Amino acid sequence: MRKHILFCLLFLPLAALAQKQYILPTAEPTADKQERPMIEVYLPKGELASRCAVVLCPGGAMRWLSWESDVVKMAAFLNEHGIAAIGLRYHLNKAPMPQGMKMPPMVDVTHPEAFPQADANPMHNESGDSIIRLAAMDAKAAIRMVREHADEWHIDKDKIGYLGFSAGGGVAIAATMSADRMERPDFLCTNFGPSLMPVTVPEDAPPLLIMTRADHPNVAAGLVALFMEWKKAGADAELHIYGDGKGPYELMPQTGETTTETWSSQMTQWLKAHGFINITGCKKDK
């Protein structure tokens, strides 16, 4: 038991510290400083640098940000693999929940057709949709800012992409669909985060990596539908549906007890296979 606990502690990276913070141009000047869209930059040590950068879009149902788990801990993991991490604070929905709102119907993984155009958002309204669009603008501004600082941060301009968690995956997908050349991600990874808007796959769609659990209602079906939209468009897409695991969808110690916990190592392998990470130039997976 003591060896097992020690193994778990060794796997979990120490918390990363942001070296730089930048207010995004999408921020309103009159907004509270704590609520302005911004990025926090976590750069790896020079000897481990892969020149790849991941913009982290944290989850939180579009109403809060799961910053500690989805950015701080994930940034430490990415830095260990020589990857720059860019934490994104995007626009959130501050409007009160509509009165009388009913829970959406639960759709399991076997019915992706329940979400035409892979739109897994069951509660569309004008206010909520406007926030998704604003958050997507924040995500695009983040990519643009990383490219503008690429030389300074030792990042290749064609190795910049998203990793979105839960609602943050929806933000990353929305941003990718409406991005111009400077804002376009080179890769798109979503961890348990389906699209929150109807999907129109762009002509220059980046390779897509999807990770989800089969028993997650709505999310799994929405992500299967997203995979199908990407494939129907002739774009590169890969889908991992895990059949076990409980608890939050965050970085997990590699205990060997579930397959869900392997999502992070499978993501780095996917980045390597697509040429975004130099296999010999980064720290080996644990």
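The values are calculated or read from the model by the stated rules, or taken from the named source; none is laboratory data. Note that this is a predicted model, so its numbers are computed, not measured. FYI the Cβ positions are ideal-geometry reconstructions off the backbone, even for glycines, and counts take in every protein chain you see. The accessibility values were calculated without ligands, DNA or RNA, using every heavy atom of the protein model including side chains. Shrake-Rupley method; radii C 1.70, N 1.55, O 1.52, S 1.80 Å.
Name the chymotrypsin sites (Phe, Trp or Tyr not before Pro) in the range 58-143 that are in a loop by DSSP and that have at most 13 other C-beta atoms within 10 Å, would you? Please report the intermediate quantities before stating the final value.
Details: sites: TRP64, TRP67, PHE77, TYR90; in loops: TRP64, TYR90.
Answer by residue number: TRP64.
Between ALA233 and GLU35, what is the label-to-label distance in nm when each label sits 7 Å out along the Cα-to-Cβ direction?
Result: 3.3 nm between the two label points.
Under the definition of Cα pairs under 8 Å and six or more residues apart, what whole-number percent is the relative contact order of the range 177-263?
Working: 121 pairs, mean separation 22.9, N = 87.
Reported as a whole number, the value is 26 percent.
Provide the per-residue ³J(HN,Hα) series for the range 168-184, in order, calculated from phi with Karplus coefficients 6.51, -1.76, 1.60 and θ = phi - 60°, each as a whole number of Hz, with x at glycine and proline positions.
Values, residue by residue: x, x, x, 5, 5, 5, 4, 5, 4, 5, 10, 7, 8, 4, 6, 9, 5 Hz.
How many nm is it between the label spots at ASP215 and THR200, if each spot is 7 Å from the Cα in line with the beta carbon?
Each label point is offset 7 Å from its Cα along the Cβ direction, giving 3.9 nm.
By a straight-distance test (C-alpha under 16 Å), which aspartates and glutamates pair with LYS20 as possible cross-link partners, with residues fewer than eight away in the same chain excluded?
GLU40, GLU148, ASP151, GLU152
Too long at a 29 Å Cα-Cα cut-off: which of LYS33/LYS73; LYS159/LYS232; LYS232/LYS272? Walk me through the numbers on the way to the answer.
Values: LYS33/LYS73 24 Å; LYS159/LYS232 25 Å; LYS232/LYS272 25 Å.
From the list (LYS33/LYS73; LYS159/LYS232; LYS232/LYS272), the Cα-Cα distance tops 29 Å for no pair.
Applying 1/(1 + (r/R0)^6) with R0 = 51 Å to the Cβ-Cβ distance of THR258 and GLU28, what FRET efficiency is obtained, to the nearest 0.05? Write down the numbers at each step before the final one.
Details: r = 43 Å, r/R0 = 0.84.
Computed FRET efficiency for THR258 and GLU28: 0.75.
Quick one: length gained pulling LYS45 to HIS111 fully straight, 0.36 nm per residue minus the C-alpha distance?
Values: separation 66, 0.36 × 66 = 23.76 nm, distance 4.50 nm.
The span from LYS45 to HIS111 would gain 19.3 nm if fully extended.
Leaving out ligands, DNA and RNA, what percent of the accessible area of the range 160-286 is carbon and sulfur, probe 1.4 Å? Spell out each step's value before the answer.
Details: 2570 of 4810 Å².
Of the solvent-accessible surface of the range 160-286, carbon and sulfur hold 54 percent.
Given a 1.4 angstrom probe, what's the average accessible area per residue across the chain, in square angstrom? Please report the intermediate quantities before stating the final value.
Working: 13550 Å² over 286 residues.
Ligands and nucleic acids excluded, the figure is 47 Å² per residue.
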